Amino acid sequence: MCPGLINMKLNMLHTSNQAWIDNRKKALHNAKEKEHPIVHDVVELMLIEVDSSSQKRRHKANNIENLERKMRHNENHLNTLADLAVLNRHSNLPENAAILEKRIATILKSSDPNDIMEKAISVLEQGYAALFEDYTESGIEAQQRLLESVQLIKVEQSTAIGEKKDFLCQASNHTLDARRLMFQALNCKTNDSFFDKKSSVELFEKGLQYLSSTLYPTEKYYIWKFYYAMACSRMPDIQVATSGTTSISETAVNIFWSILENLPKDNECFTIYRARSYAYIGHILISTHKPSDAFPSYSSYENDKQFQAILSNPLSSFQCANKELSYDEVVLSREGISLWLLYKFGTTKNIEYLENPRQLSSSISQNPCLRRFDFSTRMKVYLEISSLKSVSLGRGEDVLKKALEDGKLQ
């Protein structure tokens, strides 16, 4: 176990792009405002250290001072201790670093329940930091286009026969391989060519395993599980090599549903997690394009009427999400993207899914600089609307102008 964020080689700590840094800061402030206090420690640590991408002595001195101030809140916070030790060593203060490293070693070797909990939180916070990593806009676009290629190939494959179907099957497999490789490439550290960074999924699994042996509050445990489910939902949909063959997307849905079962509805601290869990479930079910009877991994919920209703009609998941928390940017974004996917790759071309991309517009209006992918999806919606025969010439020109504007902003 190696505590700290600096040695994780996060992209956000190795960039000189000021616009990108500013966007990361906005996203972190947004997280601190909306998310549960259990992630505030790591968010504050990331805010302090995102400035350290500039390796000037002045920044190091400021960061050391900020981390020392943060230590007063919890003197055994492993990630703060570890990063403070690293900065002291980089600032030619080996005696200070040695004291901190000795304290870290003591906590890591300890079997005291409180120290075990500190170790668990350290790993979970590293998982959160890895989850928070933002890929380049071109990387995100490449992932999305590969996903759309897979979906278009599947549409062609459904009606093909003979040799054509065999070739399409090969094309689908090669595109899935390309998605996996793209995912690995995006998770490489910025200054090396090997895949040596631990994924957020691995870190969350390890941290949750540590927590399971402590008396950590159940509700807080399930908040960390929410972030674990988020990490699973971002991975390519690869089948797990077991006899049960549960895909990573099905694993994510199972975890999100367990969060809804375990976080009480009447507590405002958990509302955002319940709402977003519904939204992620709906988005995953729609984006995988499987009939409701093609999910053997959900058999444990066969007597759960609400889950079965969502499985039959994934869009109803967004109604549940909006009842929990209206006008949430993540819920709106997932709903808008899901409507686009239903129209583009669904079995029926329901024009109602395209008529007014208000969900994407509402999500963008809340945080334009943080919703770049929503601009890209809304542009595709506008382009699709302009090509419809039922659309008047005037409206067609209007939505094309909107598509052009979104294209400039994405």
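A short reminder: the numbers here are calculations on the coordinates, not readings from a lab. Given the structure is predicted, the values throughout are model-derived calculations rather than measurements. Every residue, glycine among them, receives a Cβ derived from its backbone with ideal geometry; neighbour counts consider all protein chains shown.
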key: Label-point separation, K164 to K265 (7 Å along Cα→Cβ), nm   = 4.9 nm
request  = Pull up all non-local amide H partners of S247: gap of 5 or more, or a different chain, and H-to-H distance under 5 Å with H placed in the peptide plane.
outcome  = V240
message = Testing the spin-label approximation: label points 7 Å from Cα along Cα→Cβ at H73 and S212. State their distance in nm.
response = 2.9 nm
message = Longer than 23 Å from Cα to Cα, which of K25/K402; K9/K109; K265/K305 are they? Say none if no pair is.
response = K25/K402; K9/K109
task = Please give the residues of the stretch 67-83, grouped as numeric ranges, whose backbone N is less than 13 Å from a label point set 7 Å along the Cα-to-Cβ vector of H40.
result = 73-74
inquiry  = I'd like the Karplus ³J(HN,Hα) series for the stretch 320-331: coefficients 6.51, -1.76, 1.60, θ = phi - 60°, whole numbers in Hz, and an x wherever there's a Gly or Pro.
reply    = 5, 4, 5, 5, 5, 7, 7, 6, 8, 4, 5, 4
note = In nanometres, the difference between 0.36 nm per residue of separation and the alpha-carbon distance of A309 and L93 is 71.7 nm
request  = For S390 paired with T348, estimate the spin-label separation in nm (one decimal), with each label point 7 Å from Cα along the Cα-to-Cβ line.
outcome  = 1.2 nm
query = Looking at this model, which pairs from K34/K119; K70/K206; K380/K401 are more than 18 angstrom apart at the alpha-carbon?
reply = K34/K119; K70/K206
ask   = Hey, got a sec? Which GluC sites (Glu not before Pro) in the stretch 35-123 land in a DSSP loop and have at most 14 other Cβ atoms within 10 Å?
value = E75
